[in-house]
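Chemist: Got a structure here, written out as structure tokens. Questions coming.
Quick note: the coordinates plus some simple rules give every number you see, no bench work behind them. Given the structure is predicted, the values throughout are model-derived calculations rather than measurements. Every residue, glycine as well, gets a Cβ built from its backbone with ideal geometry; the counts of neighbours run over all protein chains shown.
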Amino acid sequence: MLLMRCKTWFSEVVSTEVPPQVQLDDLISIWSFGLEHARDFLPELCGSYLARNFMWAISMNCFVDIPYDLLLSCVKHMNLTVDSEMHLSNALLVWIDANTECMEGLSRNEDVCTGILKQIRLSLLPLWFAAEKRSSCHFSKFADESIDSIFRLLRIPSTGSVDALGASHLHDLRIRLTKFSKRVNLSSCSQITSAVLLLSLLPSANSIDYILRGIGQSPFNLERLDRDQCSEVLNLLPTLSFEAVQEVDISKCPRLHLQSAIECFRKSFPSLRILKAAFLLKFKISTLRKLVRKCPMVCEVDLTTDTSPIISSQVSIVSSSPAITPQISNLSLNVRDMTSFYNSGLSIAKLTLEGRNDLYDSDLQYISRFCVSLQYVNLKGCTSLTDVGIASLLRRCIKLHSVLVCDTSFGINSVLALCSSSSNHIAVEQIENELLDSLALNLQILHMGSCKCVDETSLLKLMSQMQKLKSLCLSDTHLSDGALYSFRGSSLEVLDISNTMVSNAAVAYLVSGNPGLKCLKARGCRNLSQQESDPQKREFSISYSCRELHNEIGRTCMLEEIALGWGFSYTSLEALKPAITSLRKITVGLGGLLGEDGLRKLPTICPMLESIILYFQVISDRTIMNIMANLKKLVVLAFCHCLGDISILSFKFPMPNLRKLKLERVTPWMNNNDLFILTQSCANLVELSLLGCTLLDSESQQIISQGWPGLVSIHLEECGRVTTMGVSSLLDCKALEDLLLRHNGPGLQRSFIFDAASKLPMLRKVSLDFCDAAEGDFDIPNYGDRHFLSTLKIAKCKLQKGLKVSFVKAPRRRQVHKETLVLVWNSSTVTRTVVKERL
């Protein structure tokens with residue numbers, strides 16, 4: 001009787017759809033009890049429960065304690081629910097790594113690894129993940145199979161039919177979807193097409209041919225159908241509905257036909273609320289209109305793209321020849337469409353359009369008219385917008401509490417729109433039950449870095465009205481002490497005042513009133529290294545020193561991130577000690593001087609550090625070895641233009657968690673042997689930047705590609721003769737997204753840009769130098785042949801006479817920078833710009 005009651009209870013618990021009611025360690029014990037007492041129903045229920053709640057289970061520390069047989073039954077279960085195939089793969093590899101020692105010597109060790117890893121659908125892994133795992137002792141064979149499968153799919157045209165996928169591989173191409181799925185993450189899966197998406201939404205891979213022939217659509221191709229035909233055909237198909245799915249991520253899936261995908265979302269994901277479609281240039285405002293009309297529940301959309309390096313306030317433009325692009329949106333809506341979109345757009349609350357340089361004022365007007373419930377908008381780097389256009393959006397969207405407009409024309413008109421009462425801009429019936437306050441009063445996030453069109457007076461007015469602000473970025477603006485003194489808020493958690501002229505006293509005043517501050521960025525603030533002399537009517541005004549500022553921060557805050565320069569020293573570190581015990585990120589820039597003592601104590605004072613970035617600091621083997629040996633959680637490490645004698649001894653400690661490494665002008669002695677040692681100690685890098693490693697040569701390419709096959713970013717500049725004989729092995733890093741090769745030897749072929757873009761399906765950014773061109777020039781791909789490329793930068797040098805030395809008859813000539821050619825592709829055109837700066 002007791003056993004039956006327990007069975008009834010457990011059956012009810014594991015069948016509930018609310019968050020897990022049984023702890024993972026208890027589940028393992030229950031499963032073991034069932035095996036021990038031959039209760040077959042228990043292992044079955046445990047396996048089913050674990051499969052449905054797999055994403056929860058992998059977040060638990062005791063996940064690695066799951067018995068092999070339970071884990072295997074779970075991953076084979078029809079209700080296995082994961083956000084992506086990558087999450088499943090990573091979890092299984094973590095489990096294998098943790099259990100390898102106890103399985104060593106057992107005859108079934110290899111069978112255990114193979115048996116469980118064979119359950120992974122290798123064709124659905126992101127390319128960067130598969131490439132990175134080529135160096136895994138357990139997964140290398142599977143990683144090679146995955147890469148081969150991905151490139152086999154890439155060779156099939158994106159307009160190819162379902163038949164082209166091959167009947168024998170259909171099951172492995174089905175995205176895991178169950179009635180419990182809440183998130184579908186396809187990010188960075190460049191092989192995903194509408195055919196693959198549709199395949200996953202049909203009842204069975206085995207019956208797909210029968211279904212498609214039954215409606216007269218074989219070979220079936222969604223891309224070749226127009227909008228109405230696509231909708232009609234999908235309505236005829238018996239697609240499954242997954243009502244629990246609320247979030248879909250298709251970022252970096254350039255082959256996915258968006259119109260077809262939206263139709264699939266409409267039919268199979270009726271509860272979709274969040275869509276992430278970053279780095280997809282072809283996702284236009286007109287596509288957004290289709291999305292909100294077809295999927296009315298959507299409230300959050302992310303359309304981020306790479307921000308253009310051409311920011312007018314930061315570069316000197318020599319010439320520019322943008323392609324002819326209509327400044328007025330080509331959207332034409334009839335009354336019916338307008339009403340439909342208005343009703344749908346009411347749900348959009350968060351919209352990210354970062355980097356969209358093809359976004360114009362007319363598009364903002366369109367958005368503001370229909371997305372009246374907008375609360376969060378990110379327009380960072382939208383360089384084609386005007387101050388008037390941004391102001392118009394701010395006046396119409398009265399519910400906005402988060403505005404991100406860094407690197408835009410945000411100016412005085414936009415400030416006035418934020419500071420004026422919302423009741424001046426909307427009808428009375430629309431503001432019923434709404435506070436008649438300015439937008440500024442209710443702002444929680446305002447990021448306006450590099451917006452130099454806002455003068456001191458406007459900034460002071462804006463600062464005086466913001467009282468609920470949690471995150472504020474004013475870097476590279478005309479920020480003055482008066483504006484900081486006028487701030488009345490007390491809820492700030494993030495403050496970025498980098499490259500401004502603020503003083504110690506003003507910053508201390510702001511810090512003292514915001515004890516919840518977690519992130520402070522003040523690099524490039526030269527006045528922070530000087531004592532104040534101008535009397536102000538504040539208690540902080542009299543000769544306020546750097547140390548007093550740092551003491552105030554130490555008394556008031558508990559920081560997680562800090563970036564300082566001028567005025568920051570070893571004594572500052574001691575003063576800040578109470579505030580930085582939980583610090584995770586630190587950046588020390590020009591003007592700061594930690595010294596060897598400061599760097600030596602850094603791991604002790606800040607044991608949780610995950611990111612260290614140092615510019616112009618004095619370093620040594622001793623300090624770096626101390627950092628590498630004690631900060632095992634480091635993910636980012638950068639030494640740029642630092643002084644001091646270091647050697648390869650600094651990098652012999654294993655750093656398995658390190659993902660980004662930047663060594664600029666600090667390792668001129670590095671040769672191929674040293675580079676190989678670096679690949680062993682920092683085995684899991686995804687981003688590598690080397691500058692001034694003059695002893696490297698063409699063999700370095702192979703060391704890099706074999707040691708770090710999963711790199712997504714490679715920056716090599718002034719690195720000896722790395723490209724003297726061309727580029728071959730570097731292109732074996734198949735997942736590259738960002739490639740910079742400059743002054744490494746004149747061996748790059750004229751067709752290099754096209755060759756790299758065609759061989760690297762995820763490549764978006766390329767930076768070169770004409771000095772490295774074997775024929776003195778590069779062929780520029782046209783719009784259709786650029787593949788996934790969005791930004792191309794080619795620097796150009798000129799010869800300059802050097803100083804005349806007494807024992808040299810003629811003055812030496814050396815190469816110096818002249819200008820940079822920048823090409824930026826957007827959704828329909830390319831802009832060609834020449835700037836003076838070396839970008």
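Chemist: For every helix of n ≥ 4 consecutive DSSP H residues, a contribution of -39,500 (n - 2.57) applies; sum these over the chain, divide by its total residues, and give [θ] at 222 nm rounded to the nearest 500 deg cm²/dmol.
Modeler: Counting only the DSSP helices, I get -9500 deg cm²/dmol.
Chemist: Over all pairs of distinct alpha carbons, what does the Kirkwood formula give as the hydrodynamic radius of the chain, in Å?
Modeler: On the way: mean 1/r = 0.0335 Å⁻¹.
Computed over the chain, the radius equals 29.9 Å.
Chemist: Can you tell me the order of 55-67, 114-126 when each peptide is scored by its average per-residue count of other Cβ atoms within 10 angstrom, highest first?
Modeler: 114-126, 55-67
Chemist: A follow-up question, please. May I have the extent of the alpha carbons of segment 643-710 along their three principal axes, as whole Å values ordered from largest to smallest?
Modeler: 29, 25, 17
Chemist: Oh, and also: Could you run the Debye sum over the Cα atoms of segment 566-716, one equal point scatterer each and no solvent, and tell me log10 of I(q)/I(0) at q = 0.09, 0.15, 0.21 Å⁻¹, two decimals?
Modeler: The Debye formula, applied to the Cα set alone, gives -0.27, -0.74, -1.40.
Chemist: Compute, for the chain, the length of the dipole vector about the Cα centre, with Cβ point charges of +1 (Lys, Arg) and -1 (Asp, Glu) only. Units Debye, rounded to 20.
Modeler: Dipole magnitude for the chain comes out near 1420 debye.
Chemist: Still on this structure, please answer the following. If I model segment 1-127 as equal point scatterers sitting on the Cα atoms and use the Debye formula, what is log10 I(q)/I(0) at q = 0.09, 0.20 Å⁻¹?
Modeler: -0.27, -1.20
Chemist: Return the sequence-ordered ³J(HN,Hα) values of segment 585-600 in whole Hz as given by the Karplus equation 6.51 cos²θ - 1.76 cosθ + 1.60 applied to θ = phi - 60°, using x for Gly and Pro.
Modeler: For segment 585-600, the Karplus-derived couplings read 9, 9, 10, 10, x, 4, x, x, 8, 6, x, 5, 5, x, 5, 5 Hz, x marking Gly and Pro.
Chemist: Okay, next question. So for each of 824-836, 778-790 I average, over its residues, the number of other beta carbons within 10 Å; can you give me the resulting order with the highest mean first?
Modeler: Values: 824-836: 18.6, 778-790: 16.4.
So the peptides 824-836, 778-790, ranked by packing, come out 824-836, 778-790.
Chemist: Further question: For the pairs 252/577; 179/470; 461/793; 282/793; 276/585; 652/796, flag any whose C-alpha to C-alpha distance is greater than 30 Å.
Modeler: Details: 252/577 42 Å; 179/470 38 Å; 461/793 40 Å; 282/793 22 Å; 276/585 27 Å; 652/796 37 Å.
Violating the 30 Å limit, Cα to Cα: 252/577; 179/470; 461/793; 652/796.
Chemist: For a quick check: with amide H placed at 1.01 Å from N, whose amide H comes under 5 Å from residue 565's, ignoring anything fewer than 5 positions away on the same chain?
Modeler: Distant-sequence amide H within range of residue 565: 524, 525, 589.
Chemist: Let me ask another. Under 8 Å for C-alpha pairs, at least 6 residues apart: give me the relative contact order for segment 711-750, rounded to a whole percent.
Modeler: 59
Chemist: Could you state the orientation-averaged shadow area of the convex hull built on the Cα atoms of segment 261-300, in nm² to one decimal?
Modeler: 2.6
Chemist: If you average 1/r over all unlike Cα pairs in segment 703-799 and invert the result, what Kirkwood radius do you get in angstrom?
Modeler: 13.3
Chemist: Starting from the Cα of residue 662, draw a straight line to each of the aspartates and glutamates and keep only those under 18 Å, dropping any in the same chain fewer than 8 residues away.
Modeler: 610, 621, 645, 674, 687, 717, 718, 737, 738
Chemist: Using bins 5 angstrom wide from zero, how does P(r) for segment 35-77 break down, in % of all Cα pairs?
Modeler: Reading upward from the zero bin: 5, 24, 32, 25, 11, 3.
Chemist: Could you give the alpha-carbon Rg of segment 1-73 over 2.2 N^0.38 Å, rounded to two decimals?
Modeler: Normalised by 2.2 N^0.38 Å, the Cα Rg of segment 1-73 equals 1.04.
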